[in-house]
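First comes the structure, then the notes that go with it.
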Amino acid sequence: MAALVELRDVVKHFPVTRSLGEIARGAHPAVRALDGVTFDVGDGDAVAVVGESGCGKTTLGRLMLKLAEPTGGAITFGGAPMAGLTGERLRDFRRQAQLVFQNPFDALNPRFTIYRAVVEPLINADIDKAEHADRVASAFRRVHLADFDRYFDRYPHQLSGGQLQRVVMARALVLGPRFLVADEPVSMLDVSVRAGILALLREVRETMGLTAVYISHDLALVRYLCERTLVMYLGRVVEDAPTEEIVRRPRHPYTKALVAAVPVPDPDQSRAPLPIKGNVPDAREPPSGCSFRDRCPYAMPRCAAETPMLRSTTGGHRVACHLD
Ligand SMILES: Nc1ncnc2c1ncn2[C@@H]1O[C@H](COP(=O)(O)OP(=O)(O)OP(=O)(O)O)[C@@H](O)[C@H]1O
Ligand SMILES: [Mg+2]
C-alpha cells in the first residue's frame, strides 16, 4: 500500500546552553533528539513508536504533524514535502493531521466549555457555522459519550479522566482527519478506563479508515493497536517489524531487553530477563558507533567503531545491529 507519511534521514537537534569552555572552543553542543530516522507509514496503517524516556518519540510525533521543523532530512505527507506547506495547503494539512494528547487534563482549556473545546477546530478551519452543531454532535457520538448534549456546557473539571479523554478525541476527530498521532494516549488515565479508551481508538481507526502513529512505553497497548512497531533508542530507529515479530522474535539486543521487561500473557513463552546495564547515555554526547553498545551484553569492538545501519533482514524486520 502507498505510504501516507515518508521520513527520510530526519534529524532534529536542539541547541543547548553552552558552557564557557564550549563558547571558548567555538563548540555548539546540541541534544540529538532525532539522529537520522527513515521510515514510511502506509496509508491506513497503525504504527507504534516505542522506547525509553528521552529517545525522541514525542519529537518524532511533533515533526510528523509539522508542529516543529526538522534540522535535516525530509518528511512528505501524501507525496508532498511538508517543508513546503504554506497558506491554504498548510491549513488543509492541519485539517487532515491531528494529535491526541497524553494528558487530557492539560489538553483542554479549563475556562472553555466542552462544546467550545470541540467546536474550536471547526472555527479555526473556517468551516461554515451552520455545520458546527451537527459536526460536534457527530464527533461526540463517535466517542460514545452517551447523551452527548448533556456534556456541552460542562467544564473540564466536571468530567472524569476517561470522559475527558473522549472529549479530547472528539476534538481530534471533528474535522474528519486522515492521520492521527496519539502520544501516550492512556498513560495518564486510571487503569479502569484504559481498556475503554483503547477499544475506542481501535474502533475509530477502523471505522474512519485512519492512519495512526501511537507513541507508547506500553508493549501491551502496542500489541492491541498496531500491526507494526518501531523501536527507538537515542534518536534512532533500531528495529522496525510487524508487532508480533517484535514481541515474539525481537532481534536487536535493546528490543530483547524491552520485551523481556514486560510480562507477555503467553504460557508457551518463558523469557529470562536480559541483563541491561545503566541508563540511556546523554543525547548531547552519544557514544561512538552503536549508541546502545555501553549497555549491550553482546558489544564487540566493531560496535564502537562503526554505526550499524538499519538493514532489512528476514521476517519483514529491519534491524540496526552488527550481530544481525
Ligand atoms: N524543546 C526542546 N528543547 C531542548 N531539548 C528538547 C526539547 N524537546 C525535547 N528535547 C530533548 O530531546 C530528547 C528527546 O525528547 P522527547 O521528548 O522526544 O523524548 P520522548 O521519547 O518523547 O520521551 P518521554 O518518553 O519521556 O516522553 C530529550 O533528550 C529531550 O530532553
Ligand atoms: Mg514523549
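Every read-out reported here was derived from the displayed coordinates using simple, explicitly stated rules and does not represent laboratory data. Keep in mind it's a predicted model, so treat the numbers as computed, not measured. Positions of Cβ are generated from backbone atoms using ideal geometry, with glycine treated the same way; all protein chains shown enter the neighbour counts.
What the table below lists for this structure:
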{"quantity": "Non-local Lys pairs in the chain, i.e. 8 or more apart or on different chains, that have alpha carbons under 28 Å apart", "calculated": "9"}
{"quantity": "Built amide H within the under 5 Å cut-off of residue 35, gap 5+", "calculated": "12, 236"}
{"quantity": "Residues whose placed amide H lies under 5 Å from that of residue 228, excluding near-sequence neighbours", "calculated": "46, 48, 243"}
{"quantity": "Calculated FRET value between residue 131 and residue 154, using beta carbons and R₀ = 30 Å, to 0.05", "calculated": "0.85"}
{"quantity": "Cα-based convex hull, the range 33-135, per residue volume (Å³, whole number)", "calculated": "148 Å³"}
{"quantity": "Burial ordering of 43, 106, 134, fewest other beta-carbon atoms within 10 Å first", "calculated": "134, 106, 43"}
{"quantity": "Environment charge of residue 300, counting only residues whose C-beta is closer than 11 Å and scoring Lys/Arg +1, Asp/Glu -1", "calculated": "+1"}
{"quantity": "Mean Kyte hydropathy of 1.6 or more with a Cα span along the axis of at least 24 Å, helices from DSSP in the chain", "calculated": "none"}
{"quantity": "Kirkwood-Stokes translational diffusion coefficient of the range 1-65, alpha-carbon pairs, 4 °C, 1.567 mPa s, µm²/s", "calculated": "94 µm²/s"}
{"quantity": "With at most 14 other Cβ atoms within 10 Å, longest stretch of the chain clear of loop chymotrypsin sites (Phe, Trp or Tyr not before Pro) (DSSP)", "calculated": "113-297"}
{"quantity": "Cα lying deepest toward the dipole's positive end in the chain, options 260, 286, 68, charges on Cβ", "calculated": "286"}
{"quantity": "Calculated FRET efficiency for the pair residue 302/residue 277, C-beta based, R₀ 25 Å, to 0.05", "calculated": "0.85"}
{"quantity": "About the Cα centre, charge dipole magnitude for the range 86-210 (Lys/Arg +1, Asp/Glu -1 at Cβ), debye", "calculated": "60 debye"}
{"quantity": "Pairs of Cα atoms farther than 18 Å apart, the range 86-210, %", "calculated": "50 percent"}
{"quantity": "Volume in Å³ per residue [convex hull over Cα atoms, computed for the chain]", "calculated": "164 Å³"}
{"quantity": "Value at 222 nm in deg cm²/dmol, rounded to 500, when DSSP H runs of n ≥ 4 in the chain each add -39,500 (n - 2.57)", "calculated": "-9500 deg cm²/dmol"}
